[in-house]
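Throughout, read-outs are computed from the coordinates displayed, never taken from laboratory work. No experiment lies behind these values; they were computed from the predicted model shown. Counting neighbours? That spans all protein chains shown, and the Cβs are built from the backbone with ideal geometry, glycine included.
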Amino acid sequence: MIYDIRHLTAYAYSRPVPFARCMLRVLPRDGAGQRVLTSKLSVTPRGAERNDGICFFGNRTTTLTIARPHRELRIEMTSRVEVTRPAAPFPALTRQWEEVVELALKAQSLAPDSPAQYLYPSRLAPTVPEITDYARRSFPARRPVFEAACELMARIRKEFRYDPEATEVATPIREAFAARHGVCQDFAHIMIAGLRGLGLPAAYVSGYLRTIPPPGQARLEGADATHAWVMAWTGPGTGWIGLDPTNDLIVADDHIVTATGRDYADVSPLDGVLVGPGSQKLDVKVDVIPVI
Amino acid sequence: MALQGRSSSTRVRNERRNALLSGYRPLPGAYDELMAADGTIRPQWEPFLAEWSALTSDELQRRFGLADRHVRDTGVSYRVHGDLDENDPLASERAWPLNHAPLVLTGQEWKTIAAGVAQRAQLLDSVLGDIYGPGRLIAGGALPAAAITGSPDYLRPVQGVTGAGQLQIYAADLGRGPDGRWWVLNDRTQAPSGAGYALENRLAIGRAFPDLFRTMNVERLAAFFQGFRAGLVARAKRVEPRICLLTPGQLNESYFEQAYLARYLGFLLVEGGDLVMRDGLVHVRTIAGFKRADVIWRRIDGDFADPLELNARSALGVPGLVEAVRAENVVVANGLGSGVIEARALMGFMPKLAREVLGEELILPNIATWWCGQPRERGIVLDRLNEMSVSPAFRATGDGLDGGTVLVADLDRNEREVLRTRITERGLDHVGQEVVRLSTMPVMQGGRLEPRPMTLRVFAAATPDGWQVMPGGFCRVSDESDARAVTMRSGVRSSDVWVTSDQPVEQVTLLPSPDRIPIRRIVGILPSRAADNLFWLGRYLERSEATLRLVRALLGRLINADDQAPGHAETIKRLANLLVAWGAAPATPKGRPIAAQARSALHDIEQYGSAAASVREARRTASVIRERLSVDAWRLFGDLQRQLAAPPGKPTSEGEAFEIADTALKSLAAFSGLSQENMVRGAGWRFLDIGRRIERGVTTCRFARHFIENDAPGNCLDALLDLTDSQITYRSRYMLGASLQPVLDLVMLDPYNPRSVAFQVEQLDAEIAALPSLNDDGMLEEPRRLALKLAAESRTAEASRLDRTSVLFFEQLLMGLSNAVAERYFLQNSRPEGSRMTRLA
């Protein structure tokens, strides 16, 4: 598939902000069955000092420094991305999960895709014994790892209620888990916490999901959204596989990856500090349009 | 030092010695530093025992008193972790608990310790270089990647960055086992604390027993700090680098130590907000603009150093610091990421790594450690669980497992099973370790010595001549006799550490030789934050003074209740109203006695304008710039807070309250005296004085507005003269009672009266003119422009035309000047709510 993506983020401040420095992670990345054909980032106010780079995890970053007073910050990303992912392995033929646990511990690499990087609790995906116990029910002894992970994903889809009003960026997963509700970010963090609780490497992915409008209706402009899901490590050879617990989907060509990391904090689209009084208003618009 | 109390006979000395040692028996199964198992005294302690036995118990107590007074006078303090009162952070500071007996070690033994610590520093530095660099140890299988990635101090963004993880200072916590061998208990590579406390312990004990240092040839500490400083200088690109000590701030456990070391080493003490990254360079914000920082000795965790690339939740760091480090424009020491190697998970690998990296055996072994992320090691720990201690493999992040070391032998059956399950399921989070049995050393307890367990922190610094180890250290002694663990939380004392030599030791001081000292008069630059705090210190002090004068004037009139002068009642009403308008007393519920209002204005912390609240604010402001205040000045804050604390029991009488206000005013006068007579007339003093002058000008205007009206009774004007301390001047000039125009002239316009608004304005004009200017276009900066305008207005004004409106005009100009000074010289928006760091998403 080839997609055209447009992602607009606009902040309006009630009072002028004299100085801002921030880190953006909005440009999509290459790799794992995905190729970025073109991409562009435009920023208002113009004249901001801009520094493009690649972070440890291989995500594309942009540092912005705006050293003059401004009342608006507008970030518009447009890109064309080709997605052709290899088929996922047959679940029953993957390694036993206990073996995968031991293999991850023996990893001899600190590379960004090394399973060792994703074994431990992180700030937004901490170890929660209740979540580990919840995950364990899908992981009886010697079950193939991918089969068990798929079942865990399906259970989250079935047993949790999608509710954008229920949680915020800062809601601890403990709360979302206890109430069995949340959004894609919560579900991804919960699934990651469950897998890691068992000793399995799991990563966080941010990106987009192609939405198909109901039959007979036109796609609504700007109505798509950013999305988040999980990658689980299934051992050498089969490697990392994407799992989307919000939709109970094995990630294939409908998912477009922006960034990957240990949890949301590693891929947060905009981090930063601004100095100034006043409040801010945020507006986000996303379009994901399949071209071919 | 006088030799008094020492001329005693051998018999008496032996008796004293026996008394000191009467209860001293080594604990079973532990090594004792002072006494061998057969009860003989180890030879290196003999001169020490001889000295103590030569002193009468009164003299010994007097010597202890000298040491304790040194501790108190220098304000050595620390904060107990998790014991913080947000409203009054200074309340949780503890005086330093000093053990008066030193730890004595022979030079011979020290050689092994020093060699072992230097070797370990070298080893850890090399391993860190590999983790953040080529990763050969990981690829080769000597170190599993998963033993590193669990640490919150493993900083991925500095992977491959020059100097990442590089050690400049290292500390090892040592303990001595029952067989007399020293063991490494912990590695400190993040930002080791304690070196400054070691220095302070030395100064305190040195004051009490100066002769012993000579007779016992105790090794000096100064050379170590010299070496450390030289090591930092050598890392910088510029010849005379600006070195900053980056502190997490005054709420940190060891803030005192940081302020102390900054002063001792001549570094600039800065907080994250003092530094700014622009165009790849790091600068200090000073009153004279940005000044480049070359080296940053950080005492904050690496993770907190840069909210942009590291922990986004950090408000302590410098946004963009990692970028500047990457560009090699600033050196951060220890290198960002150095904390990763503190993880207990790595301890078990050290013997093997020493062979692999250095080709040597470890001189000092570390306690046997098994990381349960490996199947074989996990098996060993589970098999021998009951005889082990189990700890988190990595520093807890606060969100994860409940951290802390447990002695499995102390757990009940149920707890052991829970632990066993945890280790089985996620072994990678745990290590098992041999239970440590520490050695004991003497502490004074009720006039005699008793053995207590201790640990010893030893420091190594990277100098241009290689690793240099401090001959001494930071020794912590437990108050309990359980020799299995010491934590520096509560109930721990600290001892000086003496490394004795057979020969007299060389004297080194940090002072350069006299012929090489370039003459300087005004030293260094003033960071904006320090200027800000000095300014507000001045304002708060002046504000407390005004409140106290108000209270005193009010109570004085209340006490004279039979005064029948016209306007007496009216004056009291106006003074009481002013207290409310000031925020010093609650808006009066009907019938609340005026005396109660006055008491609120003195003691009530809840009233932001009360004297007690202003003094507390002043002290809080001062505590952030403690390294710039003299010990005497600092002590006055304690005095003031004591004086203004509400006495327990029934409320103070009007007379007592009057006395309290009077005493507190004297303490404030003492502070003014100190700052006038003892502070160098540099920029720091100037900002303190500008703060005072602005506040005094503003309060005088407010007093004047409140008491002048065309029909103001003489009694009201009298109160105004009291409040502005101008009563005597007025009487010497005018024979008649207080009347409007002469009073107004004296209080507002007379440039010869040091309490008048005009006098403040003249001083402000001169001081602001002396501040650095950033403009090179010949234009006036805003503070200067306003000060000139004020001076012109006050010089040309006439008393006959002054009314409430024109007084308000002066007041507003002064407030405008205050804002202009803040805007130009301080950190943006640093008042009233502090600079706001907003996370956007």
**Message:** Regarding chain B, what's the average projected area of the Cα-atom convex hull, expressed in nm²?
**Reply:** 44.1 nm²
**Request:** List B:F658, A:F187 from most exposed to least, where exposure is judged by having the fewest other Cβ atoms within 10 Å.
**Result:** B:F658, A:F187
**Request:** Determine which aspartates and glutamates satisfy two conditions relative to A:K281: a Cα distance under 14 Å, and not lying fewer than 8 residues away in the same chain.
**Result:** A:E72
**Complete:** So, with points 7 Å from each Cα along the Cβ direction, the B:T405-B:R238 label distance in nm works out to 4.4 nm
**Asked** Hey, how many Å between the Cα centroid of region B:202-272 and the Cα centroid of region A:18-41?
**Response** 46 Å
**Request:** Could you size up the charge dipole of region A:91-267 around its Cα centre, putting +1 on the beta carbon of Lys and Arg and -1 on that of Asp and Glu, and report it in debye to the nearest 20?
**Result:** 440 debye
**Request:** Please list the radius of gyration and Dmax for the protein assembly as shown, considering alpha-carbon atoms only, with Å as the unit.
**Result:** 34.3, 112
**Asked** Most exposed first by the Cβ proxy, i.e. fewest other Cβ within 10 Å, how do B:E425, A:E175 rank?
**Response** A:E175, B:E425
**Asked** Could you state the per residue volume, in Å³, of the convex hull enclosing the Cα atoms of region B:527-679?
**Response** 121 Å³
**Complete:** What one gets for region A:91-267 as the Kirkwood radius, inverse of mean 1/r over different Cα pairs in Å, is 16.4 Å
**Asked** Can you list the lysines whose alpha carbon sits under 20 Å from that of B:K573, skipping same-chain ones fewer than 8 residues off?
**Response** B:K590
**Request:** Sort the following peptides by mean Cβ neighbour count (other Cβ atoms within 10 Å, averaged over residues), highest first: B:348-360, B:112-124.
**Result:** B:112-124, B:348-360
**Message:** Run the Debye formula on the Cα coordinates of region B:668-743, all scatterers equal and no solvent, and tell me log10 I(q)/I(0) at q = 0.11, 0.26, 0.27 1/Å.
**Reply:** -0.40, -1.14, -1.19
**Request:** First select every other residue whose beta carbon is under 15 angstrom from the beta carbon of A:K106; then total the charges, Lys and Arg +1, Asp and Glu -1.
**Result:** -1
**Message:** I want to check the label-to-label distance for A:K40 and B:V418. Put each point 7 Å from Cα in the C-beta direction and report it in nm to one decimal.
**Reply:** 6.0 nm
**Asked** What average number of partner chain Cβ atoms lie no more than 10 Å from the Cβ of the residues making up B:422-430?
**Response** 4
**Fill in**
So the angle from the long Cα axis of helix A:184-197 to the longest Cα principal axis of chain A, reported in degrees to the nearest 10, equals 40 degrees
**Formal net charge of residues neighbouring A:R262 (Cβ-Cβ distance under 10 Å; K, R +1; D, E -1)** = +1
**Reach of A:K106 by Cα under 22 Å, taken over lysines that are not fewer than 8 positions away in the same chain** = B:K352
**Asked** Hey, fewest Cβ within 10 Å first, where do B:I572, B:I380, A:I156, A:I292 land in order?
**Response** A:I292, B:I380, B:I572, A:I156
**Fill in**
Stokes-Einstein D for region B:368-434 (25 °C, 0.890 mPa s, Kirkwood Rh from Cα pairs), in µm²/s, comes to 210 µm²/s
**Complete:** Kirkwood calc, region B:680-829, C-alpha pairs only, radius in angstrom 16.1 Å
**Relative packing of A:40-50, A:79-89, which averages over residues the other C-beta atoms within 10 Å, highest first** = A:79-89, A:40-50
**Request:** Would you work out the charge dipole size for chain B about its Cα centre, treating the Cβ of every Lys and Arg as +1 and the Cβ of every Asp and Glu as -1, and quote it to the nearest 20 debye?
**Result:** 540 debye
**Request:** Net charge near B:A198: determine it from the other residues with C-beta under 10 Å of the C-beta of B:A198, scoring Lys and Arg +1 and Asp and Glu -1.
**Result:** -1
**Mean-position separation - Cα centroids, region A:249-270 and region B:704-773, in angstrom** = 70 Å
**Complete:** A chain fully extended from B:D58 to B:T588 at 0.36 nm per residue, minus the present Cα-Cα distance, gains in nm 185.1 nm
**Prompt:** Mind checking the mean number of beta-carbon atoms from other chains within 10 Å of the Cβ atoms in A:20-28?
**Reply:** 3
**Message:** Taking 45 Å as R0, compute the FRET efficiency from the Cβ-Cβ separation of B:A669 and B:S773 and round it to 0.05.
**Reply:** 0.85
**For residues of B:132-142, the mean tally of beta carbons on other chains within 10 Å** = 2
**Dimensionless Rg/Rh of region B:198-268 - Kirkwood Rh, Rg from C-alpha atoms** = 1.07
**Asked** Taking the highest mean first, how do the peptides B:700-709, B:225-234, A:163-172, B:166-175 order by number of other beta carbon atoms within 10 angstrom per residue?
**Response** B:166-175, B:700-709, B:225-234, A:163-172
**Item:** Simple label model, 7 Å out from Cα along Cβ direction - B:E570 to B:D502, nm
**Value:** 9.3 nm
